[in-house]
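Notes for the one structure printed next.
The values are calculated or read from the model by the stated rules, or taken from the named source; none is laboratory data. Only a predicted model underlies this, so the values are computations on that prediction, with no experimental measurement involved. Here Cβ is always computed from backbone atoms with ideal geometry, including for glycine, and neighbour counts include all displayed protein chains.
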Amino acid sequence: MNNPTDICRRTFLNNCTGVSLGAMAMSALQREAAAAASPIGKTDGIGLPELPHAAPRAKSVIFLTQSGGPSQIELFDQKPDLHRWAGTELPDSIRKGQRLTTMTANQKQLVKPAATRFYRSKSGATVGEWLPYTAAVADELCFIKSMCTEEINHAPAMTKMLTGNQIPGRPSLGAWVSYGLGSPNRNLPDYLVLISKMQRPSDQPLYDHYWGSGFLPSRFQGVKLRNAKEPVLYLRDPDGLPRPLRRGMLDSLAEMNALRLGETGDPEIATRIQQYEMAFRMQSSVPDLTDLSDEPEEVFALYGPDSRRPGSYAANCILARRLVERGVRFVQLLHPDWDHHSRLTSWCTARCRDTDQASAALVTDLKRRGLLDDTLVVWGGEFGRGVAGQGKWDSPEAGRDHHPRCFTMWMAGGGVKAGLTYGATDDFSYNVAENPVHVRDLHATILHQLGIDHERFSYRFQGLDFRLTGVEPASVVRDLLA
């Protein structure tokens, strides 16, 4: 016979008159929502009270996202001996049965040597001739030649690079930073996204979840500015609506929303309150941000001739500098069309012309203004390109297919070592040979430079504590740090 003091769950629930499972679940959800809403109710912009975990080396991040997979073989990872193997099949000892995309799985893997010559900097960094401006600042950069990931197609790989997981639905890196640290500038969002306006049609999609907030309250998602002369529409109040009246209307609306928030605990209501306030403040902060008339002529010369075209990559680099000057925590630039499956020598060079001068100028500009020490600049794509030629390997029409097993990224400022080349690949730039750096390790390192311990930084969702770096091993790459 059971001990009368032992009450099983079924008996307990049967005896709870007037309390349904649905009501109990709703109560728990409301408590969870209220807990989630509490940090975003803050207006001081300092983020979570327990952060940072340690003294940060960087205050802001600018992520120069090159979407499509730049070829490390042409741009950074010099392999002069490839000419000895030109036109021969990639050895099985190198290939190791690795996965290929359906675009090249049924063709022979014939080695295509680099189509470029290389510069070598004083620190020993190698940069392809298609990036002359980057080569000129190479000794300010920290190159990681041993980046690796598992995803072989664009959307999963970019989702992994920007959210830590290949499946959409997780918070982006910038959203995590916004959630944890906030921003000292209360007149602009913590996290801003700038997408290049291409001068030709682009068939490469850039999905909103790349800068989304996932299961975090939507207040932390990236705010995408339009790549046009007016980055934000409807900044001016309608005729006949004076500012004091507009202010009073928003105050009344905030009071009603606050009452509803107290009743439901829905964090999206708190987001709505803050976004109305942010929109009001952006009516004055955005015109000041985007009015480049106060920039001297030599700034436009530094960033290149395209820097006067609104929405261009170069113009966005100037805006990125102006944003970190104003204390914005995370700025993400996205430049598409690095996907050179064919016409490598024309397609890849065009993307280099789009981005090379402005990327180098941004590093130079930040340094001379005293901002590079506490701004971490990150440059890279979701994966690299394979050594085999796609199509006829020696044809002008040949390209390269996706390759996740090794690729190159660079960082600058923000407490990383200048003039360092870290990691190495094999003779075919096909496998990592020394010091692999997984995407998770990159995320852990970026958070560390912002003063965040990735293992202690989590968010509870559906009963689980989620981290940007997930549950698989991830480490701060301390060899990169100054």
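Odds and ends about this structure:
- Verdict on Ala270 being at pLDDT 85 or above, small (Gly, Ala, Ser) and assigned to a helix (DSSP H, G or I): yes
- Condition check for Gln199: in contact with a Ser or Thr (Cβ under 7 Å, 6 or more places away or on another chain), farther than 17 Å from Val61 by Cβ and modelled with pLDDT under 95: no
- If you go through the stretch 429-469 and keep only what is within 27 Å of Gln72 (Cα to Cα) and in a loop (DSSP other than H, G, I, E, B), you end up with Ser429, Tyr430, Asn431, Asn435, Pro436, Leu468, Thr469.
- The residues of the stretch 320-352 that are in contact (Cβ under 8 Å) with a residue 60 or more places away in the chain, closer than 26 Å to Ala114 by Cβ and assigned to a helix (DSSP H, G or I), listed by number, are Leu344, Thr345, Cys348, Thr349, Arg351, Cys352.
- Qualifying residue in the stretch 177-194 (condition: part of a strand (DSSP E or B) and surrounded by fewer than 18 Cβ atoms within 10 Å (Cβ to Cβ)): no
- Residue identified as out of contact with any Leu (no Cβ under 6 Å at 6 or more places or on another chain), of a type outside the set (D, E, K, R) and either closer than 18 Å to Ser146 by Cβ or free of Cβ contacts under 8 Å to residues at least 40 places away in the same chain (or both) among Phe428, Phe461, Phe466, Phe457: Phe428
- For the stretch 158-173, the criterion of a residue being in contact (Cβ under 8 Å) with a residue 40 or more places away in the chain and under 19 Å from His341 (Cα atoms) is satisfied by at least one position.
- Residue in the stretch 370-392 that is of a type in the set (A, V, I, L, M) and part of a helix (DSSP H, G or I) present: yes
- Identity of the residue in the stretch 244-285, farther than 20 Å from Ser183 by Cα and acidic (Asp, Glu), that ends up surrounded by the most Cβ atoms within 10 Å (Cβ to Cβ): Asp266
- In the stretch 71-90, the residues that are without any contact (Cβ under 8 Å) to a residue 40 or more places away in the chain and outside any helix (DSSP H, G or I): Thr88, Glu89
- Failed condition for Arg99, given (1) under 27 Å from the mean Cα position of the chain (by Cα); (2) assigned to a loop (DSSP other than H, G, I, E, B); (3) modelled with pLDDT of 95 or more; (4) not acidic (Asp, Glu): (3)
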